[in-house]
1. Yes or no: residue 130 more than 14 Å from the chain's Cα centre (by Cα) and over 27 Å from residue 51 (Cα atoms)?
2. Going by what's in this entry, would residue 57 be described as touching a strand residue (DSSP E or B) at 6+ places or on another chain (Cβ under 9 Å) and closer than 22 Å to residue 125 by Cα?
3. I'd like the full set of residues that are under 15 Å from residue 84 (Cα atoms) and in a helix (DSSP H, G or I), limited to segment 1-45.
4. Is at least one residue of segment 202-213 modelled with pLDDT of 95 or more, surrounded by 20 or more Cβ atoms within 10 Å (Cβ to Cβ), touching a strand residue (DSSP E or B) at 6+ places or on another chain (Cβ under 9 Å) and not in a strand (DSSP E or B)?
5. Could you identify the single residue in 162, 144 that is surrounded by 24 or more Cβ atoms within 10 Å (Cβ to Cβ) and outside any loop (DSSP other than H, G, I, E, B)?
6. Could you tell me how many of the residues in segment 84-129 are assigned to a loop (DSSP other than H, G, I, E, B), more than 18 Å from residue 3 (Cα to Cα) and touching a strand residue (DSSP E or B) at 6+ places or on another chain (Cβ under 8 Å)?
7. Looking for something surrounded by 14 or more Cβ atoms within 10 Å (Cβ to Cβ), in a strand (DSSP E or B) and in contact with a strand residue (DSSP E or B) (Cβ under 8 Å, 6 or more places away or on another chain) - is there at least one such residue anywhere in segment 68-81?
8. When you check residue 156 against the structure, is it under 21 Å from residue 188 (Cα atoms), crowded, with 17+ Cβ neighbours inside 10 Å and either touching a helix residue (DSSP H, G or I) at 6+ places or on another chain (Cβ under 8 Å) or without any contact (Cβ under 8 Å) to a residue 12 or more places away in the chain (or both), yes or no?
């Protein structure tokens, strides 16, 4: 499973053509991503056949949200599902760097049948293994994480520990600087063969005419090949 993060309709179409299995949709990818507009969600749903997850983040910056921001994000999450998304990526922290459990529980209560993904706010929690168990108890589908550092390659041993601790109760989705050059090392270190998945933006250099950074189809294709080879179970096993 290869998930590609995009912030335009053209990016979503390009990622699908290049072989992505799932899209994460946001706006302002250069700021780490914020909630996309309803019109963008609708346009992407009309343009692609792939399942997609919508990032729910009311603003850039830290992950310490006040009551009004929490309420807004729950509304945005419900709207994203109504517009055709399969799930949402949502998260928040307390000042003591623990999960914002009221926010996460509210998201599950509002969307009892949808995929819920803990986004990379998880990389800032004080106790990742405790947070892992809390997310499992709430009923989250997966955790998008680098393991703590900026890149999944740097955090590969932490990712391995998270994957082992999860014991198939929640998906661990490695993210952060993932590309065709490091995909194999990340997968072989931290993922279970046959069940590996990766997340990346695969952005090309900014295009000079419009400033957009669309995903690189060649890099997606090569990463997908690495992932497919890793997940191909040995027929004799």
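1. Details: more than 14 Å from the chain's Cα centre (by Cα): yes; over 27 Å from residue 51 (Cα atoms): yes.
Spelling it out, residue 130 is indeed more than 14 Å from the chain's Cα centre (by Cα) and over 27 Å from residue 51 (Cα atoms).
2. Yes; evaluated as a whole, the condition is true for this residue.
3. Residues satisfying the conditions are 9, 12, 38, 39, 40, 41, 42, 43, 44, 45.
4. No, every residue in segment 202-213 fails to be modelled with pLDDT of 95 or more, surrounded by 20 or more Cβ atoms within 10 Å (Cβ to Cβ), touching a strand residue (DSSP E or B) at 6+ places or on another chain (Cβ under 9 Å) and not in a strand (DSSP E or B).
5. Matching residue, one of 162, 144: 144.
6. Residues meeting the conditions: 5.
7. Checked segment 68-81: no residue is surrounded by 14 or more Cβ atoms within 10 Å (Cβ to Cβ), in a strand (DSSP E or B) and in contact with a strand residue (DSSP E or B) (Cβ under 8 Å, 6 or more places away or on another chain).
8. Numbers: under 21 Å from residue 188 (Cα atoms): yes; crowded, with 17+ Cβ neighbours inside 10 Å: yes; either touching a helix residue (DSSP H, G or I) at 6+ places or on another chain (Cβ under 8 Å) or without any contact (Cβ under 8 Å) to a residue 12 or more places away in the chain (or both): yes.
Taking the combined requirement at face value, the residue satisfies it.
The values are calculated or read from the model by the stated rules, or taken from the named source; none is laboratory data. These figures come from a predicted structure and were not determined experimentally. We place every Cβ from the backbone using ideal geometry, glycine too, and count neighbours over all the protein chains shown.
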